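What follows is a set of notes on a single structure, which appears directly below.
Every number in this text was worked out from the coordinates using simple rules, so none of it is lab data. In this text the structure is predicted, and so the values were computed from the model without any measurement. Neighbour counts run over all protein chains shown; Cβ positions are idealised from the backbone, glycine included.
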Amino acid sequence: MAITRQDVEKVALLARLQLSDAELATMSDQLAQIVGYVDHLAQVDTEGVEPMAHAIEQLNVFRADAVDMSLPREEALACAPHHDARGYLVPAVLGE
Amino acid sequence: MSILQRTACELLRSLEAGEISSVELTTACLERISATDDRVGAFLRVDEKRALAQAAAVDARRAKKQPVGRLAGLPVAVKDVLCDRGQLTTCASRMLADFRPPYDSTVVAKLKAADAVLLGRTNMDEFAMGGSTENSAFQVTRNPWDLERTPGGSSGGSAASVAAGMVPLSIGTDTGGSIRQPAGLCGIVGMKPTYGRVSRYGLVAFASSLDQIGPMAHTVEDAALLLEAIAGHDPNDSTSLDEPVPAYTATVNQPLTGLRIGIAKEHFAEGLDAEVEQAVRAAVKVYESLGAKVQEVSLPHGKHGVATYYVIAPSEASSNLARYDGAHYGYRTNEQEMLAELAGERKKLQAAGDQRGVNELDTALVRMYRRTRAEGFGPEVKRRIMLGTYSLSAGYYDAYYLKALKVRRLIRQDFDRAFEQVDLIAGPITASPAFKLGEMTDDPLAMYLVDLYTVSANLAGIPGLCLPCGQSECGLPIGLQLQAPILQEESLLRGARMFEQATDWHKQRAPL
């Protein structure tokens, strides 16, 4: 399947990646090559085959509904690139 | 003979008998690292102070006859993808260059509880994506057998550290072959356990339905020792299997009687290097001489393994790596520069009267994400995120992701059928011995195709092990892969040990 530069730009936005012009060009070629290879999956007869999302299929793993310790706020925030005492700080989302 | 020529099990016996101390052993490892690692580049960081302190503490407890853990005093190197509380855990990525996790991964916690000496952190392909360790953002790792060649990947640093005699044991992770392939290329033993056998809690996720942690060592017996210490159910990982852990070390030296070895005819098709084929066929002959019955089996969907894997693994990766957003932890782009860039673009669009362009311009938050990720991730990680996002996007989901999940089941069913007839499947681990550094960096698809023999075990969830079974004419190691049914690690280890006891390949050491 042909992958256009517009396709790659759209996917880069969905993936939250900023790609330079050079990267867009290389990525378009490489993705086309890889997707072209992957396309041979279409030839496999999978009529009536259930998809297998996990190697070992387990259902409904529950733990006891008990209050437990969680990571203290200050320890979680300590890893953040930008934070105050209460939460993570990000560029303003509202009111531009 | 240096004590570093000895196996982990031999060293443990010497430690227990008081013939050597952990400080002596740890010091020998540290000296070997400083003598050789500037050439190999296996370690990203060596924590000399902590290692010697742990070693001294174990020696003191042993001297006082106090109880000690299962690996007491044995140095272990850990791939830089497992959280170690308060210590750098970088995944060989700029994104996590300064990341100090606030908790221990279960495997690191188990190693600490077993009184292993945590020597340092090993290099890897960024976020474990790659097969040559060349995707590390920080350094190149070289194969101790030939410094012009790759150690394989993504656990290349863990493989090279053991192969170079810097450490008797190391921990790797395997999503599509990342323990077994570097073990094969470096002439050591590497094992990917059954999916769920070892807890993934605190393992930085790449592809959650495929990732598994496992041991790397000089011998199968050593791999059994390390697996026993890290395996087991963990309430913190809902995909870990609630099954008892057999005492692998207690049985590993017992040969299997009536062993049935399967050979998949598809493993010997076009593209397999003649020297590799010869070594693997010779290994099968060794099994026959040990009384094993060898028969042909068929894994007809194996040829679709790489395509299936390179849809599923990137899809899961694109979702898992969405967490690197510059807000919660890890790298973040310079905010002033980012805002200035956006303002400049807006001005340009307005001057050109492009109202649509203005409307479609990223918000500051979206641009913060995009720049952070553009600067924090390397090319291979970006490629996989793009590939996965594409496979999961509207219009392509059925054709790629869903289709791949169906083929995945067919691959598993091939194994289920084969294992009705045989106990283990033997075959090559890679089509050829270690390739040269730089040989494939411009051709991602060729690099992906190296995974032909390894990805199926991850897709099916079965355990696989690689052990040395020969050498090429130019002296490069050749690996033999053995695969077993779900949770049959015990027979996998025993079967592999039979070969090891009948041959000397595991005693060969890199000429470094």
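Considering only residues that are in contact (Cβ under 8 Å) with a residue 12 or more places away in the chain and of a type in the set (D, E), which ones fall in segment B:489-512?
Hits for segment B:489-512 are B:E489, B:E490, B:E500.
Let me confirm something: among A:E23, A:E75, which residue is on the phi < 0 side of the Ramachandran plot and in contact with a Pro (Cβ under 6 Å, 6 or more places away or on another chain)?
Numbers: A:E23 fails: in contact with a Pro (Cβ under 6 Å, 6 or more places away or on another chain).
So the residue among A:E23, A:E75 that is on the phi < 0 side of the Ramachandran plot and in contact with a Pro (Cβ under 6 Å, 6 or more places away or on another chain) is A:E75.
Only one of these is farther than 20 Å from B:R509 by Cβ and under 14 Å from the mean Cα position of the chain (by Cα): B:T122, B:T194. Name it.
Details: B:T122 fails: farther than 20 Å from B:R509 by Cβ.
Only one candidate qualifies: B:T194.
Quickly run through segment B:74-110 and pick out the residues that are crowded, with 17+ Cβ neighbours inside 10 Å, aliphatic (A, V, I, L, M) and over 26 Å from B:L4 (Cα atoms).
If the condition is that a residue be crowded, with 17+ Cβ neighbours inside 10 Å, aliphatic (A, V, I, L, M) and over 26 Å from B:L4 (Cα atoms), then B:A92, B:M95, B:L96 are the ones that fit.
Conditions: (1) at positive phi; (2) under 20 Å from the mean Cα position of the chain (by Cα); (3) surrounded by fewer than 21 Cβ atoms within 10 Å (Cβ to Cβ). B:L437 meets all but one. Number of the miss?
(1)
Please verify whether segment B:434-455 includes one or more residues that are within 14 Å of chain A (Cβ to nearest Cβ) and farther than 24 Å from B:T133 by Cα.
No, because not a single residue in segment B:434-455 is within 14 Å of chain A (Cβ to nearest Cβ) and farther than 24 Å from B:T133 by Cα.
Quick one: which helices (runs of 4 or more DSSP H) lie wholly within segment B:1-73 and hold at least 3 residues that are crowded, with 17+ Cβ neighbours inside 10 Å and under 23 Å from the mean Cα position of the chain (by Cα)? Break it down stepwise before answering.
Values: elements: B:8-16, B:22-40, B:48-63.
In segment B:1-73, the matching helices (runs of 4 or more DSSP H) lie at B:22-40.
Go through (1) under 21 Å from the mean Cα position of the chain (by Cα); (2) crowded, with 18+ Cβ neighbours inside 10 Å; (3) under 30 Å from B:I411 (Cβ atoms) for A:L17 and report which single condition fails.
(3)
Within segment B:399-414, does at least one residue satisfy the condition of being part of a helix (DSSP H, G or I), over 30 Å from B:L452 (Cα atoms) and at the interface with chain A (Cβ under 7 Å from one of its Cβ atoms)? Walk me through it before giving the result.
As a first pass, look at segment B:399-414 and keep what is part of a helix (DSSP H, G or I): B:399-414.
Applying the additional criterion that residues be over 30 Å from B:L452 (Cα atoms) yields none.
Scanning segment B:399-414, I find no residue that is part of a helix (DSSP H, G or I), over 30 Å from B:L452 (Cα atoms) and at the interface with chain A (Cβ under 7 Å from one of its Cβ atoms), so the answer is no.
Could you list all residues from segment B:222-236 that are of a type outside the set (S, T, N, Q), over 16 Å from B:P463 (Cα atoms) and surrounded by fewer than 19 Cβ atoms within 10 Å (Cβ to Cβ)?
B:H233, B:P235 - these are the residues of segment B:222-236 that are of a type outside the set (S, T, N, Q), over 16 Å from B:P463 (Cα atoms) and surrounded by fewer than 19 Cβ atoms within 10 Å (Cβ to Cβ).
Could you tell me which numbered condition B:V407 fails, if it satisfies all but one of (1) touching a strand residue (DSSP E or B) at 6+ places or on another chain (Cβ under 9 Å); (2) at negative phi; (3) not polar (S, T, N, Q)?
Condition not satisfied by B:V407: (1).
Would a scan of segment B:61-74 turn up a residue that is under 22 Å from B:A223 (Cα atoms) and β-branched (V, I, T)? Even if it seems obvious, please write down each step before you answer.
Narrowing segment B:61-74 to residues under 22 Å from B:A223 (Cα atoms): B:68-74.
Then keep just the ones that are β-branched (V, I, T); that gives B:68.
The answer is yes; a qualifying residue exists.
Go through segment A:27-43 and count every residue that is buried (at least 18 other Cβ atoms within 10 Å of the Cβ) and of a type outside the set (G, A, S).
So the answer is 7.
Listed residues B:T372, B:T363, B:T389; which is out of contact with any Leu (no Cβ under 9 Å at 6 or more places or on another chain) and either buried (at least 17 other Cβ atoms within 10 Å of the Cβ) or facing another protein chain (nearest Cβ under 8 Å) (or both)?
B:T372
If I ask for residues that are in a helix (DSSP H, G or I) and facing another protein chain (nearest Cβ under 9 Å), which ones from segment B:322-344 would you list? Full working, then the answer.
First pass over segment B:322-344, keeping only residues in a helix (DSSP H, G or I): B:322-323, B:335-344.
Hits for segment B:322-344 are B:A322, B:E335, B:M338, B:L339.
Let's see how each residue does on (1) without any contact (Cβ under 8 Å) to a residue 60 or more places away in the chain; (2) within 30 Å of the chain's Cα centre (by Cα):
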| position | (1), (2) |
| --- | --- |
| B:H328 | yes, yes |
| B:L339 | yes, no |
| B:Q350 | yes, no |
| B:Q355 | yes, no |
| B:D362 | yes, no |
| B:R370 | yes, yes |
| B:E375 | no, yes |
| B:E380 | no, yes |
| B:G388 | no, yes |
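Using beta carbons and a limit of 8 Å, which pairs, at least six apart or on different chains, have the first residue in segment B:428-450 and within 25 Å of B:H304 (Cβ to Cβ) and the second one part of a loop (DSSP other than H, G, I, E, B) and of a type in the set (D, E)?
Partner pairs satisfying both residue conditions: B:A431/B:D273; B:S432/B:D273.
Can you pull out the residues in segment A:59-77 that are facing chain B (nearest Cβ under 7 Å) and either surrounded by 10 or more Cβ atoms within 10 Å (Cβ to Cβ) or within 24 Å of the chain's Cα centre (by Cα) (or both)?
From segment A:59-77, those facing chain B (nearest Cβ under 7 Å) are A:61, A:63, A:71, A:75-76; that's our starting set.
Hits for segment A:59-77 are A:V61, A:L71, A:E75, A:A76.
Count, please, the residues in segment A:23-49 that happen to be more than 9 Å from every other protein chain (Cβ to nearest Cβ) and under 21 Å from B:R370 (Cα atoms).
Number satisfying all stated conditions: 3.
Among the numbered conditions (1) more than 14 Å from every other protein chain (Cβ to nearest Cβ); (2) in contact (Cβ under 8 Å) with a residue 12 or more places away in the chain; (3) outside any strand (DSSP E or B), tell me where B:R121 comes up short.
Unmet condition: (3).
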